[in-house]
Amino acid sequence: MSSILKVEELNAGYGDVQVLWDVSLDLGKNEVVAILGPNGSGKTTLLKTIAGILKPKKGKIIFNGKRIDGMPPERIVQDGIALALAEKELFPAMTVKENLLLGAFNKHARKNFNENLELVYKIFPRLKERENQKAGTMSGGEQQMLAIGRALMTGARVLMLDEPSTGLAPLLVKSIFDGLRQLMETKQELSILLVEQRAIQAVELCDRGYILSNGRIVYEGDIREAVTSGSFMRKYLGV
């Protein structure tokens, strides 16, 4: 499988505090890859560095054959990588549709606005039902759907999701993951890099993955095999 995203020996952190140490991974076209690990292992730092929010101290990030490390976040989004953070960062006083509209700020996204909006409403029909509702009045699960939907409105070829199940009831977690599964069945030329605490849900969506521990990759391969190993889960995920 050809890679659309490659990270090579990435070192990153915050100021003088280094969080990631020589992290390497790749994401294939039309693939969902999981990144698992305990709290504080560097998962969110990795996504933020790929997205250009943090500048790497060392290493390469290659997207679609082109180096993007050091590029500004808005350029990375325009090129085709979108990040939906666990914090959601929505505009609470704006409606669902207005928040989605903000995701379509680049030229390519504006051109495909109607097509992308139809896709978002198809995988998360609750957003269509609430398109005129203010984002701040929605439930946590609905806000997570909106955050993912807004990222999709950019026309992304790589969608990075940071803990989409955080703080949600099991029924809403199921709705989120059902939507992601439908998304991969519906949208061509889309790859997902999924950071998730709920390992069981992650393996239902991903065949392959990585495990981060203390800022280093400690496992790469069949994620189902790793998650079903009790000793492995205790050692690396604290479960």
request  = Determine which lysines satisfy two conditions relative to Lys60: a Cα distance under 21 Å, and not lying fewer than 8 residues away in the same chain.
outcome  = Lys6, Lys29, Lys43, Lys48
message = Quick check on my link table: of Lys57/Lys111; Lys55/Lys174; Lys66/Lys107, which ones sit more than 27 Å apart, alpha carbon to alpha carbon?
response = Lys57/Lys111; Lys55/Lys174
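Considering every pair of different Cα atoms, what Kirkwood radius, in Å, is found for segment 15-56? Could the numbers behind the result be given before it?
Values: mean 1/r = 0.0854 Å⁻¹.
After inverting the pairwise mean of 1/r, the radius is 11.7 Å.
Per residue and in Å³, how big is the convex hull formed by the alpha-carbon atoms of segment 46-103?
Values: hull volume 5.1 nm³, N = 58.
Each residue corresponds to 89 Å³ of Cα convex hull volume.
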request  = Using only the alpha-carbon atoms of segment 29-151, report the extent along each of the three principal axes, biggest first, to the nearest angstrom.
outcome  = 45, 36, 27
Kirkwood Rh in Å, taken over all unlike Cα pairs in segment 103-239 = 16.2 Å
key: Cα extents of segment 122-172 along the three principal axes, largest first (Å)   = 29, 25, 19
message = Positive end of the dipole of segment 1-52, charges at C-beta (+1 Lys, Arg; -1 Asp, Glu), about the Cα centre: which of Gly42, Asn30, Gly13 has its Cα farthest in that direction?
response = Asn30
key: Diffusion constant of the chain at 25 °C, which comes from Stokes-Einstein with the Kirkwood Cα-pair radius and 0.890 mPa s, µm²/s   = 137 µm²/s
ask   = Any idea how far the Cα center of segment 172-203 sits from the one of segment 29-71, in Å?
value = 18 Å
task = For Lys134, list the aspartates and glutamates whose Cα falls under 20 Å from its own Cα; do not include residues on the same chain fewer than 8 positions away.
result = Glu87, Glu89, Glu98, Glu118, Glu142
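Compute the signed sum of charges (Lys and Arg +1, Asp and Glu -1) over the other residues within less than 12 Å, Cβ to Cβ, of Gln197.
Numbers: positive: Lys43, Arg198; negative: Asp162, Glu163, Glu196.
Local net charge: -1.
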message = Given contacts defined as C-alpha pairs under 8 Å and at least six residues apart, what's the relative contact order of the chain, whole-number percent?
response = 27 percent
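For the chain, give the share of DSSP beta bridges that are antiparallel, in percent and rounded to the nearest 5; count only bridges with both residues there. If you can, show how the numbers build up before the last one.
On the way: 22 of 39 bridges.
Around 55 percent of the beta bridges assigned by DSSP in the chain are antiparallel ones.
Could you give the alpha-carbon Rg of segment 79-164 over 2.2 N^0.38 Å, rounded to two decimals?
On the way: Rg = 11.6 Å, N = 86, 2.2 N^0.38 = 12.0 Å.
With N residues counted in segment 79-164, Rg over 2.2 N^0.38 Å equals 0.97.
Quick note: the coordinates plus some simple rules give every number you see, no bench work behind them. A quick note: this is a predicted structure, and the numbers were derived from the prediction, not measured. Backbone-built Cβ (ideal geometry, glycine too); neighbour counts: all protein chains shown.
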